[in-house]
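What follows is one structure encoded as structure tokens, with my remarks underneath.
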Amino acid sequence: MNGKGIFKILSLSFAVMVVILGGLLFWGLSKLPSAFDIKQSLTPPALKKSSASSTQTSESSPNPSLESPVTPTDKVNPEASSSPAPTGKEKLASDTARVLLEDFADPRKPMIESCRNLAQASESHFLRDPENASAKYFFESLAQDKKDPLVETAAPILRYIFRAPGMQSVVEMIMKAEETKDVGILKKAEFYYEIYRAGDFLKDHKDDMDVILQKTYNLHHLAKAVAQKPALAKDAATLSFCEDMEKNVTDDGVYNADDASKEMLKFLGDAGIDPKSIGYDPNYRSKVKLNLSNSQVTINDTWVVKLFAKDIQKAQKEPTAKN
């Protein structure tokens, strides 16, 4: 998988893949990528090879469960039995696929869980460059459950998007997709119907996305404040403030962004932290933009997207690698 492919996966969360079906005719639907096409961009080459090898073994054996086990006297070829270590890009792709399936799209996973691990903020590698986050570290941290509060506070909007009605089915269809010469219009229609459901839901819940982004913006910068002053992680008032904000992320009650910003400024003032030193803008107000074009609705101009801006720009400049 090349650099562009990795960041297509990242932007997948914000573009919600190809979301809107409205107005598409059959010929238009036939030109859209199938679930398998999308799966190809998520699956590392090593996994594709092992999957193909497994399929061939199953087909060659009429009853695999009755095969005799390997005994100590059997000759084993270490080179044949061992798999090559995955490359960095393959590992990133594997981590990304795991996060999509086991975290973002799984409603059993908490929307956010950062305060209990606030002490780890000072050890985070997420923002080595204060103006640019690491996409690699982001997915790796979530896949390996590193409990990094800076990563965790950037994840809720992605969980909200991937838990929209229809999106879980989309992710499952992508992961289960098999390569065929002709996917078929009806199969594609089923796939894009689920994407349409997700897109339609998000279009009608733009205000909810703004609220989640606004709430987590403050939480993210609280984590950055603790990263700057690690002693705050042991401060009872800081932990209480964090827990109140964390509970508020999933609270459907009325949210006043102006009051929340004033509270955040007071917290930073009491802690002796200059808001500018952690990049906190008290005047920031989330305003999700939905850009509609043909069959797409892209979600952008959020603080989370901007975290990865340099990474994405760099990937877009890289030439496409040959398979």
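The values are calculated or read from the model by the stated rules, or taken from the named source; none is laboratory data. Since we're looking at a predicted model, the values are computed, not measured. Reconstructed Cβ throughout: ideal geometry from the backbone, glycine too, with neighbour counts over all protein chains shown. Ligands, DNA and RNA are stripped out before the accessible areas are found, and what is left, the full protein with its side chains, is counted by its heavy atoms. Shrake-Rupley method; radii C 1.70, N 1.55, O 1.52, S 1.80 Å.
A few comments on the model shown:
- Test: L92 is modelled with pLDDT under 90 and assigned to a loop (DSSP other than H, G, I, E, B): no
- Region 207-232: number of residues that are loosely packed, with under 14 Cβ neighbours inside 10 Å and at pLDDT below 95: 1
- Within region 274-285, residues that are among the basic types (K, R) sit with their Cβ atoms under 7 Å from residues that are open to solvent by less than 70 Å² (accessible area, probe 1.4 Å) and not in a loop (DSSP other than H, G, I, E, B), at 6+ positions apart or across chains, in these pairs: R285/Q214; R285/A257.
- K266 fulfils the conditions (1) surrounded by 12 or more Cβ atoms within 10 Å (Cβ to Cβ); (2) part of a helix (DSSP H, G or I) except for a single criterion, (1).
- Sole exception among (1) closer than 13 Å to Y217 by Cβ; (2) in a helix (DSSP H, G or I) for K287, by number: (2)
- For region 99-118, a tally of residues being touching a Phe, Trp or Tyr at 6+ places or on another chain (Cβ under 8 Å) and either among the charged types (D, E, K, R) or open to solvent by less than 20 Å² (accessible area, probe 1.4 Å) (or both) returns 4.
- Within region 135-159, residues that are in a helix (DSSP H, G or I) reach partners that are among the aromatic types (F, W, Y) and at pLDDT 90 or above with beta carbons closer than 6 Å, at six or more positions or on different chains, in the pairs Y137/F126; L150/F126; V151/F126; V151/F138; L158/F104; R159/F104.
- Flag if A121 is open to solvent by 10 Å² or more (accessible area, probe 1.4 Å), more than 20 Å from R98 (Cβ to Cβ) and in a helix (DSSP H, G or I): no
- Selection count, region 233-259, where residues are part of a helix (DSSP H, G or I), open to solvent by 50 Å² or more (accessible area, probe 1.4 Å) and among the charged types (D, E, K, R): 6
Residue-wise test of (1) closer than 23 Å to Y196 by Cα; (2) crowded, with 19+ Cβ neighbours inside 10 Å.
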| residue | (1), (2) |
| --- | --- |
| L92 | no, yes |
| D145 | no, no |
| T153 | no, yes |
| R159 | yes, yes |
